[in-house]
1. Using a 1.4 Å probe over the heavy atoms of the protein chains, calculate the carbon and sulfur portion of the accessible area of the stretch 1-133 as a whole percent.
2. If you consider only alpha-carbon coordinates, what radius of gyration and Dmax does the stretch 26-182 have, in Å?
3. Leaving out ligands and nucleic acids, note down the accessible area per residue over the stretch 14-96 with a 1.4 angstrom probe, in whole Å².
4. Taking the stretch 156-272 on its own, what percent of its Cα-Cα pair distances exceed 20 Å?
5. Could you tell me how far the Cα centroid of the stretch 14-90 sits from the Cα centroid of the stretch 147-163, in Å?
6. Using only Cα atoms, what is the ratio of the radius of gyration of the stretch 128-223 to 2.2 N^0.38 Å?
7. Please compute the net charge surrounding Asp117, taking Lys and Arg as +1 and Asp and Glu as -1 over other residues with Cβ under 11 Å from its Cβ.
8. Quantify, in whole percent, the carbon and sulfur part of the accessible surface of the stretch 198-245 (1.4 Å probe; protein heavy atoms only).
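The values are calculated or read from the model by the stated rules, or taken from the named source; none is laboratory data. Just so we're clear, the structure is a prediction, and the values are computed from it rather than from any experiment. A quick note on method: Cβ atoms are made from the backbone with ideal geometry, for glycine too, and the neighbour counts reach across all protein chains shown. Surface accessibility is based on the protein's heavy atoms, side chains included, excluding ligands, DNA and RNA. Shrake-Rupley method; radii C 1.70, N 1.55, O 1.52, S 1.80 Å.
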Amino acid sequence: MDIEGSLPAKSTKPLCLIVIGMAGSGKTTFVNQLILQCDARKKKSYTINLDPGVFNTPYRPNIDIRNTINYKEMMKTYKLGPNGAILTSLNLFSTKFDEVLGILEKKAESLDYIIVDTPGQIELFTWSASGMIIASALASTLPCAIVYVLDGERCSNPNTFMSNMIFCCSIMYKLKLPVLTVINKADVSDTAKIKQWTTDYDAYLEALSKEETYLSDLSKSMCLSLDEFYKDLDMAPFGSLDGFGADGVFNGFEKCRKDYFEIFLPDLQKKKQGKESKVVERELEKFKKDVETTVKQNAKDSPDINTIIDKTKASLFDLKICEQSQEAQQKIVEEKLENMKI
């Protein structure tokens, strides 16, 4: 699979948004409201669901990993737990991701945003070989950004806030893409306080002083370490239920697009020219080992890996099916907008 493709030039290509966040932060609800807000602004969106274990989504994805990989069959056949099945599903899906890129490239000129909803278990995407492959493939084909979704209510606790900031910082340096941090659940959280903690060290220390735990000491020591990260961090409050703060989020998207071309794309070009270490190749080797381990684990009583792929599909992705899905999604969006009276 060629994951490099041709690096995107400044054009009307859509911005690809990889939505990442801790479990329960409201990523899927955020994606649903984002689709509605795109439609209200006459912006064309295209959605990809990469969570094979999600039972139901409030939106209808244009490309859905669940239509390709049978998650329950994966667990049953290979005797995997929930997280192992998600990771193996992503590994299998990434082997065909060039077909996804082909679909996206054909539709690129008619789209404004491509929204990628990732699994709730954040580490399964951000620290797996398949997650790295998928993110690198998207970033090498389209302007791309990370949308890190914070749970505003939980992050009102200074220790939880610090945990999220460390994770957000590590994701930015690992994936090497611009990041917009969205403070979700703005209707029930003090977003001003959360934003203040990134600029006012004394205010954060005061909040920590009320938390008498060993973790508070660690958070205090990490605070100054993230000072440089905070300087370039863009944060936008957002209400996933009513769309509060949508203008700030879309402004953040455009800044990410600008940063991608001015800061991050030159780095990608250096990689393609071979001026840096071949990180992607190492990730591919890790990926191959993951797949081999899965296949060998229960080789005696397990069927061939191809039985996991849905046999009713003539191919992994049928462009015609995706177009039908897009029309169905548009109808759902129009009905929701009518109900919301936007």
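1. Working: 2460 of 4810 Å².
Of all accessible area on the stretch 1-133, carbon and sulfur atoms account for 51 percent.
2. 15.8, 46
3. Values: 2880 Å² over 83 residues.
That works out to 35 Å² for each residue.
4. Details: 3307 of 6786 pairs.
It works out to 49 percent of all Cα pairs.
5. After rounding, the separation between the Cα centres reads 22 Å.
6. Numbers: Rg = 15.4 Å, N = 96, 2.2 N^0.38 = 12.5 Å.
Normalised Cα radius of gyration, the stretch 128-223: 1.23.
7. Details: positive: Lys27; negative: Asp51, Asp64.
Taking every other residue near Asp117 into account, the sum is -1.
8. On the way: 1600 of 3020 Å².
Roughly 53 percent, rounded to a whole number.
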